[in-house]
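See below for the structure under consideration.
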Amino acid sequence: MLRSSFICSLLFGFFLLVGSVQAQESGNEQVKRVQRTIFIYNIAQQVTWPNASDFDTFSIGVLGPDRVAIDLQVMAQRRQIQGKPVEVVRFNKVKDVQGIQLLYVNRKFNYDINYVLSSLSGKNILLISEDYNYNTSMINMVNVGDSFEYEINKPLLLSTGFIVTPSLENYAVSSSEKWKELFQETQDDLAEEEKQVEAQQEIISERDKEIKEQEKALSQKDEIITSSKDLLTRQQDSILELASQNQLQLQKYEDKVLIEQELERTIANQVEFLRTQQETIDSTNTRIAGQLEILKAQEDEINEKQRILDAQDETISSQKKVNMLLLVIAGLLLLGALLIYRGYLQKRKLSDALAEKNSEFEMQAAELKQKNAELEQFAYIASHDLQEPLSTISSLIGILKEDYDHLFDDVAKQSLQFMDDSSLRMRELIQALLKHSKLGMNQDKTYVNVNTLLKDIQGDLTEKIKTTGAEIYVDDMPEVLASEVELRLVYQNLITNAIKFTKDDVVPEINISAEKTQDKAFWEFSVSDNGIGIPGAYRDRIFAIFQRLHSREEYEGTGIGLAHVKKIIDAHGGRIWVESTVGEGSTFFFTLPV
Amino acid sequence: MMNPVEFVLLIDDDNATNFFNGMMLGKHDSFGRTLAVRSGSEALDFLQSIPNTDAQKPDLIFLDINMPGMNGWEFLDAFKELPVHITEGIKVILLSTSSNPEEVKKSMRKYSVDDYINKPLSMNILDSVYEVHFQKQYSSTS
């Protein structure tokens with residue numbers, strides 16, 4: 001309340017000075033301009049300069065093309081500061097500022113307050129700024145409604161030697177929070193001002209009307225003057241008439257002169273009145289032109305702000321698009337990463353499962369190997385142990401046949417013969433089993449020249465070949481890594497079988513050859529004959545131990561030969577199979593790694 | 001008087017077994033003459049020839065399982081395919097030395113076989129074979 005009454009009293013004094021013309025223009029901006037000017041003058045009045053005695057004229061500097069310079073100049077005609085006449089100087093550049101006592105700068109002209117302050121240092125110039133941040137200047141004003149508030153940077157003022165009166169200090173805004181609030185109000189006012197521009201335009205048009213009315217009034221007054229002149233003429237005429245009425249009227253001459261003087265005064269008054277009217281009209285016209293200029297400047301400013309807003313809108317919308325794009329890209333990247341991770345998980349799961357299977361296989365293989373070893377051991381021991389009682393039986397049968405033969409009848413003799421045959425067969429079987437159990441255990445593999453090997457075997461079988469007249473044709477055979485003893489057994493069995501399983505009237509014909517498999521990893525050996533052939537149902541069974549297709553009377557043997565062969569080929573990492581046509585012959589194939 | 005089981009066919013590839021089984025059957029009062037063949041195919045040939053030669057049909061076949069070439073099971077498959085007038089009334093008993101009789105009995109279910117006994121034959125075994133498979137039938141008809 002105190003502050004507002006103080007400001008009111010300041011304003012009241014000023015309104016008396018400005019008079020009816022100012023009152024006529026009651027626009028918001030106009031009021032502000034007046035108040036700003038008064039504010040600056042009042043503040044200047046309440047500060048003591050350290051070098052007050054050094055200047056005769058009080059100089060106010062204004063930075064930038066600020067209209068306040070005009071207002072200050074107008075005020076200078078009526079008011080003094082510190083008892084000294086006031087002059088106003090304009091500066092466009094901060095570095096040019098000198099020789100003044102007070103500098104006013106408005107933030108809207110974008111001067112850097114710190115730079116301004118530093119350039120004022122040591123020049124005894126008081127800085128009054130407007131709209132800058134709290135405590136960044138010496139004295140800082142802010143517009144609030146139709147009035148102004150201010151804040152004082154006291155430490156700075158003191159350090160520069162300025163002394164302010166207590167009343168100035170008391171009414172200053174003393175906290176930055178309050179300052180910000182006020183600042184916000186000015187921002188709001190700005191928006192309001194924009195609205196008021198329109199209102200002002202209306203006012204201007206109203207003023208145009210008023211001016212026209214005034215012109216009308218002026219012309220009326222011209223008429224009055226003309227009519228006054230007419231009256232004057234008429235009065236002069238009447239004076240002349242009176243003068244012509246000579247002596248008689250001479251006594252009234254004094255009175256006439258008085259009347260004349262009165263009339264002249266009236267005319268002079270009217271002329272003076274007209275002149276004042278004309279001045280008023282001229283000044284009104286000037287002000288209207290000024291107002292129009294301000295309006296145009298404000299309109300430009302509004303347009304500029306609109307343009308900046310549009311540009312910002314555009315920037316924001318393009319930023320939004322960029323953000324959306326970035327979001328989409330980030331989403332895609334995330335999706336890709338997820339897919340890759342899922343694939344990795346699946347792969348890992350599969351490889352885990354594979355590893356598990358592998359270890360399972362390895363365990364099974366180890367188990368199988370152990371079982372095989374046990375089985376071989378069992379067969380070996382069983383065969384050995386079985387042979388002992390068997391040889392006892394054979395020996396005793398031998399004694400019975402040799403020493404007691406004459407005591408037996410035919411049935412007893414035949415029984416004895418069957419016993420002898422059976423024990424002999426059992427011996428053969430046991431020995432075959434023993435041999436079978438040992439096969440595949442032979443680890444010392446060498447490069448065997450199969451050509452040489454086959455020649456040796458034919459040498460061994462010379463007797464059999466001669467009696468049967470068998471023809472054996474051998475291709476060029478390779479060298480192969482194998483146990484020589486076992487490979488010899490394989491060929492011995494296959495060739496022997498080929499000679500054996502023929503019809504009596506057929507001369508055995510045997511072809512032996514070898515070629516690499518398609519993947520070049522194996523040799524594929526073949527032994528083909530023109531024998532009796534093997535029915536399809538029995539082609540697998542022939543490789544099983546003690547499996548025979550014929551009675552012993554037809555074809556001798558224990559039925560273990562091909563079981564031996566299969567075991568040997570298996571132990572060498574190969575494969576054996578047979579192709580055959582019954583009555584035409586068979587071909588045995590086996591493979592060995594190259 | 002005639003033996004209740006007049007004619008027994010022995011199928012075994014082993015001569016000694018056939019010789020022994022024949023002796024056993026010869027000694028037993030309930031069984032008549034025997035014929036031994038060395039393979040399933042030989043037995044089939046014999047059976048198929050019966051209608052043409054007016055030979056006597058066997059009452060009982062002792063069949064070895066483990067034989068070269070056609071084994072006992074394969075013989076049974078072929079036997080089943082023979083004309084019914086040949087096969088009807090012939091009892092088939094498996095003879096084996098298998099150390100795993102359970103397995104043999106399991107396989108038996110898939111074939112029409114009357115019984116399964118372990119080698120070698122003995123008088124006691126023949127007694128029970130006669131009792132289980134022939135005595136009731138004959139006692140009811142005689």
Check A:M426 against each of (1) surrounded by 18 or more Cβ atoms within 10 Å (Cβ to Cβ); (2) within 14 Å of another protein chain (Cβ to nearest Cβ); (3) of a type in the set (A, V, I, L, M); (4) closer than 30 Å to A:K369 by Cα and name the one condition it does not meet. (1)
For segment B:1-24, which residues satisfy the criterion of being surrounded by 19 or more Cβ atoms within 10 Å (Cβ to Cβ) and away from every other protein chain (no Cβ under 14 Å)? B:V5, B:V8, B:L9, B:L10
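A quick yes/no check of all residues on (1) at pLDDT below 95; (2) surrounded by 20 or more Cβ atoms within 10 Å (Cβ to Cβ):
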position: A:V480; (1), (2): yes, yes
position: A:N497; (1), (2): yes, yes
position: A:T517; (1), (2): yes, no
position: A:V527; (1), (2): no, yes
Criterion violated by B:D29 - all others in (1) closer than 17 Å to B:S96 by Cα; (2) assigned to a loop (DSSP other than H, G, I, E, B) satisfied: (1)
Go through the residues of segment B:26-34 one by one and say whether even a single one is hydrophobic (A, V, I, L, M, F, W, C), over 23 Å from A:D540 (Cβ atoms) and surrounded by fewer than 19 Cβ atoms within 10 Å (Cβ to Cβ). no
Taking segment A:429-447, which residues are part of a loop (DSSP other than H, G, I, E, B) and crowded, with 17+ Cβ neighbours inside 10 Å? A:L439, A:G440
For segment B:18-25, check the following and say yes or no: at least one residue is farther than 13 Å from B:D127 by Cα, of a type in the set (A, V, I, L, M, F, W, C) and not in a helix (DSSP H, G or I). no
Given the options A:G573, A:G559, name the one that is out of contact with any Gly (no Cβ under 9 Å at 6 or more places or on another chain), at positive phi and within 12 Å of chain B (Cβ to nearest Cβ). A:G559
For segment A:360-386, which residues satisfy the criterion of being of a type in the set (G, A, S) and within 60 Å of the chain's Cα centre (by Cα)? A:A365, A:A366
What pairs can you find where one residue is in segment A:572-594 and assigned by TED's automatic domain parsing to the domain that holds A:D519, the other is of a type in the set (D, E) and in a loop (DSSP other than H, G, I, E, B), and their Cβ atoms are less than 7 Å apart, with a gap of 6+ or different chains? A:G585/A:D529; A:S586/A:D529
When residues of segment A:550-575 are filtered for being within 20 Å of A:Q443 (Cα to Cα) and either under 60 Å from the mean Cα position of the chain (by Cα) or crowded, with 16+ Cβ neighbours inside 10 Å (or both), how many remain? 11
Every residue in segment A:532-571 that is farther than 18 Å from B:M67 by Cα, of a type in the set (A, V, I, L, M, F, W, C) and either in a helix (DSSP H, G or I) or not assigned by TED's automatic domain parsing to the domain that holds A:T502 (or both), please. A:V565, A:I568, A:I569, A:A571
When you look at A:Y380, is it of a type in the set (F, W, Y) and surrounded by 15 or more Cβ atoms within 10 Å (Cβ to Cβ), yes or no? yes
Does A:S159 satisfy being out of contact with any Pro (no Cβ under 8 Å at 6 or more places or on another chain) and part of a strand (DSSP E or B)? no
Given (1) modelled with pLDDT of 90 or more; (2) touching a Lys or Arg at 6+ places or on another chain (Cβ under 8 Å), identify the lone condition not met by B:P68. (1)
Among the candidates A:Q518, A:Q431, which residue alone is more than 14 Å from chain B (Cβ to nearest Cβ) and under 60 Å from the mean Cα position of the chain (by Cα)? A:Q518
One residue is enough: does segment B:103-117 have a residue meeting the conditions touching a helix residue (DSSP H, G or I) at 6+ places or on another chain (Cβ under 9 Å), surrounded by fewer than 12 Cβ atoms within 10 Å (Cβ to Cβ) and either without any contact (Cβ under 8 Å) to a residue 12 or more places away in the chain or among the polar types (S, T, N, Q) (or both)? yes
Test: A:R539 is more than 18 Å from A:H436 (Cα to Cα), within 14 Å of chain B (Cβ to nearest Cβ) and either buried (at least 18 other Cβ atoms within 10 Å of the Cβ) or of a type in the set (D, E, K, R) (or both): yes
Taking the options A:I281, A:I302, A:I316, name whichever one is part of a helix (DSSP H, G or I), of a type in the set (V, I, T), at pLDDT below 90 and on the phi < 0 side of the Ramachandran plot. A:I281
Of these, B:P51, B:P58, which one is modelled with pLDDT under 90 and more than 13 Å from chain A (Cβ to nearest Cβ)? B:P51
Suppose the filter is at pLDDT 90 or above and more than 17 Å from A:N493 (Cβ to Cβ); does A:L454 pass it? no
Being under 30 Å from A:A379 (Cα atoms) and within 14 Å of chain B (Cβ to nearest Cβ): is that true of A:D421 here? yes
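The values are calculated or read from the model by the stated rules, or taken from the named source; none is laboratory data. Worth saying up front: this structure is predicted, and the values here are computed from it rather than measured. Using ideal geometry, Cβ is built from the backbone for each residue, glycine included, and neighbour counts are taken over all protein chains shown.
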